[in-house]
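As structure tokens, the structure follows; a few thoughts come after it.
Please treat every number below as a calculation from the coordinates, not as lab data. All values reported here derive from a predicted model rather than from experimental measurement. FYI the Cβ positions are ideal-geometry reconstructions off the backbone, even for glycines, and counts take in every protein chain you see.
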Amino acid sequence: MTTSFEANIKPYFSEYDRDSMNDPNHTGGYTVDLWSRDDVHNYYAAIKDAIDRKKMPPGGWPDDQIKAFDADFEAWHQGGFQP
């Protein structure tokens, strides 16, 4: 089964997560639209690092959710960042 942004990655991010990452005051001057495949693709490494270090999403995730996200995020990467 192919991992896609719409079906597998986007659902991890809540509206609150998206709004927080679109606020340059929250992010230190840059913005990332977590519901945009292109933005998440372009910031792939930074997002992975921030989640692994529990710096994002703003509300935080439990360890089991981080592991699930890491597996899906890597599968999405390996599959060519499918829409």
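The table below lists the values:
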{"read-out": "Note, ³J(HN,Hα) from phi for region 66-76, Karplus 6.51, -1.76, 1.60, rounded to Hz, x at Gly and Pro", "value": "4, 4, 5, 4, 4, 5, 5, 5, 5, 4, 5"}
{"read-out": "Reachable aspartates and glutamates, given that their alpha-carbon falls under 12 Å from the alpha-carbon of Lys48 and they are not under 8 places away in the same chain", "value": "Asp70, Asp72, Glu74"}
{"read-out": "Cα-projected label distance for Lys67 with Ala7, points at 7 Å along beta-carbon direction, nm", "value": "2.4 nm"}
{"read-out": "Residue-averaged 222 nm ellipticity for the chain, from DSSP H runs of 4+ at -39500 (n - 2.57), nearest 500", "value": "-14000 deg cm²/dmol"}
{"read-out": "Extension reserve of the Glu74-Asp38 stretch, reckoned as 0.36 nm per residue once the Cα distance is removed", "value": "11.4 nm"}
{"read-out": "Viscosity 1.306 mPa s, 10 °C: Kirkwood-radius Stokes-Einstein D of the chain over Cα pairs, µm²/s", "value": "124 µm²/s"}
